[in-house]
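For reference, the structure discussed in these notes is given below.
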Amino acid sequence: MNTPGSYFDRQYADAADPWHLAERWYDRRKYNLTVAALPRPRYLRAFEPGCSVGVLTRLLAAHCEGLLSTDRIPSAVETATQRTADLDHVTVRQMTVPEQWPDGSFDLIVLSELLYYFGSAARTRLIERSAGSLEEGCHLVLQL
């Protein structure tokens with residue numbers, strides 16, 4: 001079963017960064033390790049669905065020519081947009097995956113702590129859509 005959208009609405013209604021992603025050592029370390037583990041130093045076009053407030057987005061941006069980051073919560077999109085406002089090659093949009101999906105292909109897709117919010121069918125669809133949007137020989141990062 002998917003986590004209801006109302007759960008996220010409530011989380012963000014109470015705090016701009018409900019999981020304290022910008023503050024917690026655990027998250028900073030995890031994001032730095034994620035970026036350090038990328039198989040390539042640079043990517044042409046990357047996609048990060050479920051970006052929340054854009055902490056990982058900012059780190060990924062240093063390795064991407066173009067980065068699309070999305071979240072379903074308007075306030076999270078606003079915070080991520082502010083966090084990356086000085087990065088012209090980063091676009092942050094409101095989008096609910098896997099129902100909504102961007103056009104085109106990517107050479108990097110990062111699903112960071114996103115999959116466990118989906119039931120089996122939606123999780124499968126999200127992974128299939130991700131794999132189908134990757135250029136041949138490119139990378140899908142699943143951070144659990």
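The values are calculated or read from the model by the stated rules, or taken from the named source; none is laboratory data. Fair warning: this is a prediction, and the values are worked out from it, not measured in the lab. Glycine gets a Cβ as well: all are built from the backbone with ideal geometry, and neighbour counts include every protein chain shown. Surface areas here come from the heavy atoms of the whole protein model, side chains and all, with no ligands, DNA or RNA. Shrake-Rupley method; radii C 1.70, N 1.55, O 1.52, S 1.80 Å.
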In the Gaussian network model of the chain, springs joining C-alpha atoms below 10 Å, which of L67, L114, L44 carries the largest mean-square fluctuation?
L44
Per residue, what accessible area does the chain have, given a 1.4 Å probe and all protein chains present, in Å²?
52 Å²
Taking the simple approach of a point 7 Å from Cα along Cα-to-Cβ for both E99 and E65, what is their distance in nm?
3.4 nm
Using the Cα gyration tensor of region 22-144, with a ≥ b ≥ c the square roots of its eigenvalues, what is the shape: rounded (a/c below 1.5), prolate (a/b larger than b/c) or oblate (neither)?
rounded
Place a point 7 Å from the Cα of D9 along the Cα-to-Cβ direction; which residues of region 78-103 have their backbone N under 13 Å from it?
none
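Subtracting the Cα-Cα distance from 0.36 nm times the residue separation, let me have the gained length for A131 to Q143 in nm, one decimal.
On the way: separation 12, 0.36 × 12 = 4.32 nm, distance 1.51 nm.
Full extension from A131 to Q143 adds 2.8 nm.
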Heavy atoms of the protein only, probe of 1.4 Å, neighbouring chains included. What is the accessible area of R28 in Å², nearest 10?
100 Å²
Applying 1/(1 + (r/R0)^6) with R0 = 35 Å to the Cβ-Cβ distance of R40 and N2, what FRET efficiency is obtained, to the nearest 0.05?
0.60
For region 57-126, what class follows from the C-alpha gyration tensor (a ≥ b ≥ c being the square roots of its eigenvalues): rounded when a/c is under 1.5, otherwise prolate if a/b is larger than b/c, else oblate?
prolate
Compute the Cα gyration tensor for region 60-99, then decide on rounded, prolate or oblate, letting a ≥ b ≥ c be the square roots of its eigenvalues: rounded whenever a/c is under 1.5, prolate when a/b is larger than b/c in the other cases, and oblate in all that remain.
oblate
